[in-house]
Amino acid sequence: MKTENLESVARKLVAPGKGILAADESSGTIEKRLKSINVPSTEENRRAYREVLFTTKGAGEFISGVILFDETIRQKTRDGRTFVEALEGQGIIPGIKVDKGAKAMANFPGEKITEGLDELRERLAEYRQLGARFAKWRAVIAIGDKIPTRTCIAGNAEALARYAALCQDEDIVPIVEPEVLMDGTHTIERHFEVTEQTLETVFHALYEHRVVLEGMLLKPNMVLSGKECPQQASVQEVAEATVRCMKHVVPAAVPGLVFLSGGQSDQQATEHLNAMNQLPDLPWQLSFSYGRALQAPVLKAWKGDAANVSAAQQAFHHRAMCNSKARFGKYTEEMEAAKAA
Ligand code: 13P
């Protein structure tokens, strides 16, 4: 297998000052997001919303890649360009979500296993033709009473590794996303322990499947206090715990870590990324692949009204700029006020 292209795309996706927009919400998730602003989830509304994001002028300065959903990669702008062409015109690399969702795992109450390996090679070949240069597969690990189990972690790790190997064989950079959820009352120490165990298992499976580490990206959760934990860790504590955890188990050959936001507020996600990038001796690029933390202010400004497109695009540009600054550890809270001005 030739891996020069994989390595070059992976490096471009984590170029200094840039990160990824996750706009690959599946039908159910985008319906929830649009409902939150009282917009019905019709194909045209989903298209119009994604057009707001993808045609924001100057987005390419901060955004290296966008993850699309199956429906979205086939859609066009109002002026008739495919979304893939519109993104490429901004210097942004198109990507695609290829998993078929996290489903209830048989015999393991409260745990999920991600499906989507059937015919994956054929689907990847089609997406490559449509213009996708990278892909995403998300596994979900929940923390609770006696969970996660070893079986759940191992099953998801094996699926992630099979997906990643197939991607590389089809010349697509795999983003490997094992998300340990922040939902629950657990402490940051427990989140650390489960994240470390999960990533250790995932990298073992990637090794067994001969995945080229230089030609992939990891999309991890940050190490946080559970959402309902009474004792919330500070920004500095989150940054230090996350980087320490990653250093234990993520090989330095991986070019970059693109964190998910996972239910943090947009500002929190930026602050955490910023604090991590201020720490010394980082062996990888530390970047973002945010969904909610990049889109929440855009949805709020857009509200489904064409008259608000410019305000919504300003909100997106601002959020992307703040996260770009955080890539250098140069984000400050004053930048939030600049948006209001
Ligand atoms: P969030 O940043 O909203 O967690 O979404 C990122 C993502 O792509 C999850 O798969």
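The values are calculated or read from the model by the stated rules, or taken from the named source; none is laboratory data. These numbers come from a predicted model, not from an experiment. Reconstructed Cβ throughout: ideal geometry from the backbone, glycine too, with neighbour counts over all protein chains shown. In case anyone asks, the SASA skips ligands and DNA or RNA and just uses the protein heavy atoms, side chains included. Shrake-Rupley method; radii C 1.70, N 1.55, O 1.52, S 1.80 Å.
When the residues of segment 293-314 are narrowed to those that are free of Cβ contacts under 8 Å to residues at least 60 places away in the same chain and within 16 Å of the ligand (Cβ to nearest atom), which ends up farthest from the chain's Cα centre (by Cα)? Of everything passing the filter in segment 293-314, Pro297 is farthest from the chain's Cα centre (by Cα). Name every residue in segment 14-44 that is closer than 20 Å to Arg74 by Cβ, open to solvent by 30 Å² or more (accessible area, probe 1.4 Å), within 16 Å of the ligand (Cβ to nearest atom) and outside any helix (DSSP H, G or I), in order of residue number. Residue satisfying the conditions is Ser26 alone. Per the listing Ala205, Ala239, Ala269, the residue uniquely open to solvent by less than 40 Å² (accessible area, probe 1.4 Å), within 27 Å of Gly95 (Cβ to Cβ) and touching a His at 6+ places or on another chain (Cβ under 8 Å) is Ala239.
Only residues that are assigned to a strand (DSSP E or B) and either free of Cβ contacts under 8 Å to residues at least 40 places away in the same chain or within 16 Å of the ligand (Cβ to nearest atom) (or both) were counted across segment 240-292, and they come to 9. Annotation: of all residues in segment 208-225 being in a loop (DSSP other than H, G, I, E, B), out of contact with any Ser or Thr (no Cβ under 9 Å at 6 or more places or on another chain) and of a type outside the set (Lys, Arg), the one that is surrounded by the fewest Cβ atoms within 10 Å (Cβ to Cβ) is His209.
More than 22 Å from the chain's Cα centre (by Cα) and hydrophobic (A, V, I, L, M, F, W, C) - does that describe any residue in segment 133-143? Don't jump to the end; show me each part of the working.
Within segment 133-143, the subset more than 22 Å from the chain's Cα centre (by Cα) is none.
No, because not a single residue in segment 133-143 is more than 22 Å from the chain's Cα centre (by Cα) and hydrophobic (A, V, I, L, M, F, W, C).
Glu228 satisfies every condition listed in (1) open to solvent by 40 Å² or more (accessible area, probe 1.4 Å); (2) touching a Gly at 6+ places or on another chain (Cβ under 7 Å); (3) farther than 29 Å from Gln278 by Cβ except (3).
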